[in-house]
Amino acid sequence: MRRIYISFLGAGKYLETKYHFNGNVAPSSCYVQAAELQLFGSGYFDKIFVVMTQTSRKKHFELLSAELTAAGIGPVDSIDITEELGPENQWSWFENILSCIDHGDELTVDLTHGYRIVPIVFSTALNFLQKAKNISIQSVLYGAYEKDTENSPIVDLKAFYVINEWTDAVSRLIEDADPGKLARVAEQDTSGTISAFDDPELINAFDALTGSLKNVDVHNVRNRAEDALEIISAKEKNTSLTGKILLELVKEKFVSLVSDQPASGRYDENYFSMQLAIVKLLIKHKLFMQAYTVMREFIGSLGLIEMDKKAKIGNKKGRSQRHKAEVFVNMLQNTEEKWNFNGDKKIIQENLMPIYIKFKDADLIFTLRSLCQELVQYRNGFDHAWTAKKEAFHDIETKGLNFQMLLNDIVEKMKQKQIF
C-alpha cells in the first residue's frame, strides 16, 4: 500500500500565513501544500502529486517546488490538466488523475486551490477509486486562510467522502444480503460519523440474519431478524440524522421477517405467512435456489398442520416429523391412482389423508398439484446444477414470483376454509 498525497494548484494570489492542523502549527507559507506536507513530515508520503494548469504551473509551481525542496520534501510529480471546461476535458482530468493511483493506495487529498470545477470532478473520482481500485481515504483537507495569519486552520472533510462507503455498504446489505462491506467500513472508519453501524454486536446480528437467509435456515430467520431489529431500535435513539436514515433503510428491508404475534411452534397461519415473507425477500435478493427450496418445503409443511400436539417446530419430536412432509409432497406430485406407497411411507400416507381430504374439500388439491409438479422441476434443476438440462430455465425469477403469489392465494383460501 502506497501513501499518496494529491493537491491542486490554482492561479490565484496566495498570502503568507501559519496553517495549523490537529494542534500542530506549520512554518509560515503562502502554500497550504507546503504547510500540510511539513506537518505530515518528510518521507511520510510515497508519492506527491500536484494537479495544475499551464497558468498555475507558470505562476506557482517553481516557487512551491523550491519551498518543498528547502524543507527536505520531494520529489513532486505534476499532473497537467487543460483549462478548457468541456465534458471531454472533464473526462481528461478524471482519467489523468486515475492513472496515477494504484490498487489499494491510501490517499490524502487537499482541495484548497482546485481549479474551477476540478474539485467536483475529483470528488467523483474519489468515489470511483474507492470501488474500482479499493483505495482508502486518510484525509480530505481544506486550508481555511484567515486574515489573522497566526490562526489559519486546516480542516479534514474525510467524513463527507466516507459516507459514500457507508451508503454503499448499507445498500449491499439490503439489496444483496451482504453484510461484509459493512463490517469492513466499520473497521476502517475511525471518524465516528456513522457510529450507529460501528458496533460489532449489530454487525454480528446482520451476519447471523443474512447467513440464515442464504443457508435457508428458515426456522431461525425470524429470531435473528428480531435480534437485529431490536439492536437497530436501540441505536436509533442516539444516532445522527444520517445514521437514522440508513438504519431506517435496513429496518424497512427486514421488518417483514418479524411478526407481532408470538411464534406458536406450530405450522399455523403465522408460520406460513413468515415463510412467504422469506421467499419474497430471497427472490428480491435473486437468491433463487434458496427461494425455491423454501417454497418446496412450504408445500411439504402443509401436510404437518395437524401434527401431534406435543411436537413443536423447534423440538426433537417436531423435527422428526419432516419425513412426513416429503411424503405429502409425493402425494401432491402424482394423482391418487398413481400413488404407490409401501411400508412406512404407506402408513404415513394413510395418516396424512385427513389433511389431504381437507385440501380436497377446499378445492385446493388441483392447484397444489399443478404448482408442486412445476415447482419441483425448477428445484430439481438447482439441486442437480442443471446437468440434466441443456441450460438453466430462463424464467426462474418470473416463475418464482408466480409461485409465491400462488402460495399466498392458497394460504388466503386456507384461512377462508378454516383449515388452520
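Of note:
- Of residues in region 374-407 being in a helix (DSSP H, G or I) and of a type in the set (Ser, Thr, Tyr), the one nearest to the chain's Cα centre (by Cα): 398
- Subset of region 328-352 [aliphatic (A, V, I, L, M) and more than 46 Å from the chain's Cα centre (by Cα)]: 347
- Within region 394-420, the set of residues being of a type outside the set (S, T, N, Q), surrounded by fewer than 17 Cβ atoms within 10 Å (Cβ to Cβ) and in contact (Cβ under 8 Å) with a residue 60 or more places away in the chain comprises 397, 401, 415, 420.
- Of all the listed residues (299, 313, 347), the sole one being in the same structural domain as residue 377 (by TED's automatic domain parsing), farther than 22 Å from residue 211 by Cα, β-branched (Val, Ile, Thr) and touching a residue at least 60 places away in the same chain (Cβ under 8 Å) is 299.
- Odd one out for residue 275, checked against (1) in contact with a Lys or Arg (Cβ under 9 Å, 6 or more places away or on another chain); (2) closer than 25 Å to residue 323 by Cα: (1)
- If the condition is being charged (D, E, K, R) and either part of a loop (DSSP other than H, G, I, E, B) or surrounded by 15 or more Cβ atoms within 10 Å (Cβ to Cβ) (or both), then region 124-137 contributes only 133.
- Scanning region 32-46 for any residue that is among the aliphatic types (A, V, I, L, M), more than 16 Å from residue 113 (Cβ to Cβ) and surrounded by fewer than 20 Cβ atoms within 10 Å (Cβ to Cβ) turns up at least one such residue.
- No other residue among 140, 121 is part of a helix (DSSP H, G or I), free of Cβ contacts under 8 Å to residues at least 40 places away in the same chain, over 20 Å from the mean Cα position of the chain (by Cα) and crowded, with 16+ Cβ neighbours inside 10 Å apart from 121.
- Inter-residue pairs, beta-carbon under 9 Å, first assigned by TED's automatic domain parsing to the domain that holds residue 108 and in region 20-32, second of a type in the set (Asp, Glu) and assigned to a strand (DSSP E or B), 6+ apart: 21/156; 22/156; 32/110
- Matching entry among 295, 307 (being buried (at least 19 other Cβ atoms within 10 Å of the Cβ) and modelled with pLDDT under 90): 307
- Subset of region 245-275 (residues that are small (Gly, Ala, Ser) and either in the same structural domain as residue 223 (by TED's automatic domain parsing) or surrounded by fewer than 17 Cβ atoms within 10 Å (Cβ to Cβ) (or both)): 256, 259, 264, 265, 273
- Residues that are acidic (Asp, Glu) and either surrounded by 13 or more Cβ atoms within 10 Å (Cβ to Cβ) or not assigned by TED's automatic domain parsing to the domain that holds residue 332 (or both), drawn from region 354-390: 374, 383
The values are calculated or read from the model by the stated rules, or taken from the named source; none is laboratory data. This structure is a prediction, so every number in the text was calculated from the model and none was measured. Methodologically, a virtual Cβ is constructed for each residue, glycine included, from the backbone with ideal geometry; neighbour enumeration extends over all protein chains shown.
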